């Protein structure tokens with residue numbers, strides 16, 4: 001039985017707040033993209049184009065009341081639109097990366113972790129969500145460890 005899922009990037013209100021306050025955030029870097037792929041935007045869920053401007057900043061991607069609360073560096077394009085993905089759609093930016101999949105339950109406790117090639121992501125999602133306790137997956141780049149997006153089980 002196929003289990004439906006939804007891939008989600010940073011919510012619009014958070015992305016807008018990050019872009020508005022970026023200059024005042026300690027440690028934020030404004031960069032010009034010099035390679036593609038290489039600068040995956042966590043709002044558009046697409047790799048930024050060469051020459052495009054991005055911000056590198058710290059983002060709290062797992063703002064939960066659990067020991068797994070977490071933040072880390074992300075890229076966000078300064079001029080972009082929010083990703084609008086259909087259910088079960090996987091963004092192209094994930095397909096060519098080695099990914100770390102961190103699986104969480106309703107209490108935001110990590111219950112499993114996997115490493116997967118982006119080309120195999122859908123089969124991993126299906127296997128993970130066969131466990132009814134698995135509520136969502138946080139996807140990170142396996143090498144640098146940076147957060148990419150969240151995949152939610154759709155009921």
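The long axis of helix 12-21 is offset from the longest Cα principal axis of the chain by roughly 30 degrees.
If you run the Gaussian network model on the chain, springs between alpha carbon atoms under 10 Å, then out of 21, 119, 84 the most flexible one is 21. For the chain, modelled as a GNM whose springs connect Cα atoms under 10 angstrom apart, the maximal fluctuation among 32, 77, 42 occurs at 32. With contributions of -39500 (n - 2.57) from each DSSP H run of at least four residues, the per-residue ellipticity at 222 nm computed over the chain stands at -4000 deg cm²/dmol.
With both residues required to sit in the chain, DSSP beta bridges show an antiparallel share near 95%. Across the range 1-115, C-alpha contacts under 8 Å between residues 6 or more apart give a mean separation that, scaled by the residue count, equals a relative contact order of 25 percent.
Where (i) 44, 32, 26; (ii) 87, 34, 24; (iii) 53, 26, 25 are the candidate values, the label of the one calculated here for Cα extents along the principal axes in Å is (i).
Bear in mind these aren't lab numbers, they're just calculated from the coordinates by the rules spelled out. Note that this is a predicted model, so its numbers are computed, not measured.
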